[in-house]
1. Quick one: in segment A:339-350, which of the residues that are at the interface with another protein chain (Cβ under 9 Å from one of its Cβ atoms) and closer than 30 Å to A:Phe521 by Cα is farthest from the chain's Cα centre (by Cα)?
2. Whether any residue in segment B:407-422 is of a type in the set (A, V, I, L, M), more than 10 Å from every other protein chain (Cβ to nearest Cβ) and in contact with a helix residue (DSSP H, G or I) (Cβ under 7 Å, 6 or more places away or on another chain) is what I want to check.
3. Considering only residues that are under 28 Å from A:Gly414 (Cα atoms), among the aliphatic types (A, V, I, L, M) and within 21 Å of the chain's Cα centre (by Cα), which ones fall in segment A:12-54?
4. Could you list, in sequence order, the residues of segment B:219-257 that are in contact with a helix residue (DSSP H, G or I) (Cβ under 6 Å, 6 or more places away or on another chain), of a type outside the set (Val, Ile, Thr) and either under 18 Å from B:Met161 (Cβ atoms) or crowded, with 17+ Cβ neighbours inside 10 Å (or both)?
5. Here is a list: B:Ala79, B:Ala39, B:Ala34. Which entry is free of Cβ contacts under 8 Å to residues at least 40 places away in the same chain and touching a His at 6+ places or on another chain (Cβ under 7 Å)?
6. Answer yes or no as to whether A:Asp547 is among the acidic types (Asp, Glu) and under 28 Å from B:His341 (Cα atoms).
7. Yes or no: B:Asp336 under 30 Å from A:His509 (Cα atoms), away from chain A (no Cβ under 11 Å) and surrounded by fewer than 22 Cβ atoms within 10 Å (Cβ to Cβ)?
8. Somewhere in segment A:463-476, is a residue in a helix (DSSP H, G or I), within 28 Å of B:Ala568 (Cβ to Cβ), within 28 Å of the chain's Cα centre (by Cα) and within 14 Å of chain B (Cβ to nearest Cβ)?
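The values are calculated or read from the model by the stated rules, or taken from the named source; none is laboratory data. In this text, all values refer to a predicted model and were calculated from it rather than measured experimentally. Counting neighbours? That spans all protein chains shown, and the Cβs are built from the backbone with ideal geometry, glycine included.
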2 protein chains.
Amino acid sequence: MPIYKAPVKDLQFVLHDVLDVSQSDIPGYDDMDADFTKAVLEESGKLTSELLAPLNVVGDQEGCRLENGVVYTPTGFKAAFEQVKEGGWTGLDMPEQYGGQNLPYVLSTAVGEMFSASNQAFTMYQGLTHGAAAAILAHGTDQQKDTYLPKMVSCEWTGTMNLTEPHCGTDLGLMRTKADPAGDGSYKISGQKIFISSGDHDMADNIVHLVLAKIPGGPEGIKGVSLFIVPKFIVKDDGTPGERNGVSVGALEKKMGIHGNSTCVLNYDEATGYLLGEENKGMRAMFTMMNEARLGVGMQGLSAAEAAYQNAVEYAKDRLQGRDVTGTKNPDGPADPLIVHPDIRRSLMDQKSFVEGARAFILWGAQMIDAAHRSEDKDADGLVSLLTPVIKGFLTDEGYDMTVLAQQVYGGHGYIEEHGMSQFTRDARIAMIYEGANGVQALDLVGRKLAQDGGKHVMAFFDLVKSFCKDNGDDDAMADFIEPLKAASKDLQTASMYFMQNGVKDPNHALAGSYDFMHLFGHVCLGLMWAKMAKAATSQLAAGTSDAAFCETKLTTGRYYMARRLPATGMHLARIQSGADTVMALHADAF
Amino acid sequence: MPIYKAPVKDLQFVLHDVLDVSQSDIPGYDDMDADFTKAVLEESGKLTSELLAPLNVVGDQEGCRLENGVVYTPTGFKAAFEQVKEGGWTGLDMPEQYGGQNLPYVLSTAVGEMFSASNQAFTMYQGLTHGAAAAILAHGTDQQKDTYLPKMVSCEWTGTMNLTEPHCGTDLGLMRTKADPAGDGSYKISGQKIFISSGDHDMADNIVHLVLAKIPGGPEGIKGVSLFIVPKFIVKDDGTPGERNGVSVGALEKKMGIHGNSTCVLNYDEATGYLLGEENKGMRAMFTMMNEARLGVGMQGLSAAEAAYQNAVEYAKDRLQGRDVTGTKNPDGPADPLIVHPDIRRSLMDQKSFVEGARAFILWGAQMIDAAHRSEDKDADGLVSLLTPVIKGFLTDEGYDMTVLAQQVYGGHGYIEEHGMSQFTRDARIAMIYEGANGVQALDLVGRKLAQDGGKHVMAFFDLVKSFCKDNGDDDAMADFIEPLKAASKDLQTASMYFMQNGVKDPNHALAGSYDFMHLFGHVCLGLMWAKMAKAATSQLAAGTSDAAFCETKLTTGRYYMARRLPATGMHLARIQSGADTVMALHADAF
């Protein structure tokens, strides 16, 4: 059975020593002193490692089942969900008015990492609910908010997002689900939606589906899409669930992973729906919370890598196989532990340096989202919008690769299901696909975000790197970090320049390099995070910290990232600079 | 249901236009004219695409089942195996004396690609049999050969390889299975073996287990390991299966993939075994055929990538989603096919350029194995021994990554099991682990092969690249290939030099870079293959070929590899040159 230990110490380091949250002037941050966040993180660490982690394998092996139109979750999920609700963990960052705790998003993100790392499939039930509630909060009428939010914040009712149809995923303008006005202000929703996470289950009294559909006679394509609230049970005037609505489970999908989450085909047959937001502005309403949703999926890349890494480390310390080539380390045993071998360490260091760098990147992103929402900081909003596709695409690609590395440490034992390492890989795979496949993230980054507001936000990013390098360029203790960061950032600027110079005459020159640009950008971001963490660690060491070992480990791990991972930027740049010619040359029939 | 089309034309191109097999003076090659190989490939292409490919999903979904100690294969496997046997496909390269066809290994490898691509789990039953038969052929007594080989060459009986035990996989010196002399020349084998592919099933009258075990009183560790033939049913004097031997199935492993193959825990309880080869020389006997076995697994990386790629191409042409940014390509449809989008093409070109390069690499390796065995060419033997860990490690890593890319083209439809794309990924994953995990391949390459015979073989490789570049350096048509190949080869030489200069004072400086070296070497090999294929294509174009489109496509695909994949060598070199310091610095407790 895989283990999971909550990384409270490292989360505290990022929150306080790197991001310095309690000193920020973002409203609500002044309450976040180290004792408070530690108490929250330790409590959620206990819940996730003791309650949710042991259910992770159960969820994978049992999966959900559909019987007579009703979906049942795996053994233990329902009871665990009750405990999560009772602990108030489902509405940490939601308004107090609706039963939430109004805590900063950065803290609920730190908590969210633990939930997701301990049990991704389980956490998706509350994750989707949070997303649907956030959309209602942003676009609902007062009545809609009062009807749905208190129940959804507590997860007494859960939520779903219904976008995909059999013939359209990315290109939602092709949507066929329709919404006929019923005459009483409501609509009759008919059509089929697929890949609906948490689409039906036995853990809530009601399920609030947010459904994209077209009102007949509206504009063509994506401009004619509206968003509707379609509850599984129509809510009575007294606020309780009443009559069953016209939505049914067509099938449960058989998936590569996240078996514990009920991914449904949902059939809508004149189901009663209520317009959320304005007519034909459905995409805008659905995507209001896009930065948060995508950051949340990026976090799944990190959390899967963290969980897999922790187990790989344990296995590498326990499993005796071969001898250290520089001299026996375990003379009393039949062999040395795997961790003595350089190539096992190469793998573990790849994982460790990714996980810690990604953690800082995610929490920095969450802090910018708080700044955007709580302080109306437009620069933070612009920068986090630019970085969102990087967070989502780069971290889920890399996170997946890290689960593969962790699985490899186990050798054959990683391939059989008994040890749970295969599950981390299979579960992590979905994060590269949902909430906008990673190729779409790259397109969003290069085709839209890069030039947004005249390129202001990418320039702000470069300035940020530049000023950090300038401020710390004379510090010998930082030399291992500043030079590689400068070089990587230069590669990123050269790539941006290439797009500007060549993308205008042929957009394919930019788009053919979009995926590499996303990864190049991701490495520079993690390089920046490592440089910032190194700065925090060297400062603490200079001040005579009581935990020098932690700081030294942080510096070594950072040096590894700078020396061994950042050189990837040169490869991505070369790929980008080769342009679109070889990419686009073949006729479709020649493939 | 996934499709599979046999790549006969491309295999013919490699065999005849690149390797020029029928002009080779390797014994047996003179019969391999283009008409003959085409007939063989077309016949096996028909069998694999029509019979084995449709059973691939069946095998995955049903898996094998263990009932009352007996393993049953998935529906259709048994009947298909009969057809494969009847067609004579199981002993293509085996001696005619034992019922084989004595064809060159290079041709059986080309056929093997199709078998593996169409149904990896199924093909493993005959693959393991081939490996076991080859060991008996090399080390058996005449009586052993006469008893087992005719049945194994025809796959009337199948074979297995028993190395791994619960506590040891890579480090076989820790083995506990013992072989007590029975007094009559035979031995009593007792112990437990795990991860035994094709360990038991219902498709053969007997199963010939090759089992590594220790004879009590022998040398410690790996030097005291012997190899035994342990048939499931003890063979009677008349050559037919008799009494049940003391070997039983302890369990069927639940695995991430290759569900159609029966991976068993086998318990040996005083089973009768017969020494194969010499006492205490078991490892040597087991590994005699190592180059072939590892090349065969490397081929699985290629074949999984090929099968997944073919389906990704079909989907990319069929699925309508979004519009070409440079102008609508399918004005009569609601959207353009995925294949118009640059990032989808980037993915498909990565896959295509890998598959075709890997195919040439594998067949070149097989040709060298033929030269080593049939012509006793020691240089070919040395070079293919050097390249074997590259073929196995690099091609299975890359092949796996390509199945992930192919799956991604399907978006959410790639994550559900319905389309079969998840299976390609899950099946391909094992090839990175078995037959020596890829980290062990890297160790073999850098720790053993590189310096073998005074570094003679790696120098021969560099000479080969150098003379190719020299011979073609003045040809303008080859410019896109020669310069990148030179640069990549220089990176490889620099890395080798780094190991020589730094590995002596601290072997960790070499071993910490071993995995990157394996990938760096792999890219240079594929670069060389592409340069050779480009040469063949330009020659044909210059001579006025009737299939200019094929040659032009080959050149474009090669240019893609040189421009977009070869720059990875710089990254790997930088990682190698960063040495062991950051890799080895942390105490085990700091992870």
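1. A:Pro342
2. No, the conditions are met nowhere in segment B:407-422.
3. A:Leu47, A:Leu52, A:Ala53
4. B:Ser226, B:Leu227, B:Lys255, B:Met256, B:Gly257
5. Within the list B:Ala79, B:Ala39, B:Ala34, the selection yields B:Ala34.
6. So A:Asp547 does not fit the description; no.
7. Taking the combined requirement at face value, the residue does not satisfy it.
8. Among the residues of segment A:463-476, not one is in a helix (DSSP H, G or I), within 28 Å of B:Ala568 (Cβ to Cβ), within 28 Å of the chain's Cα centre (by Cα) and within 14 Å of chain B (Cβ to nearest Cβ), which makes the answer no.
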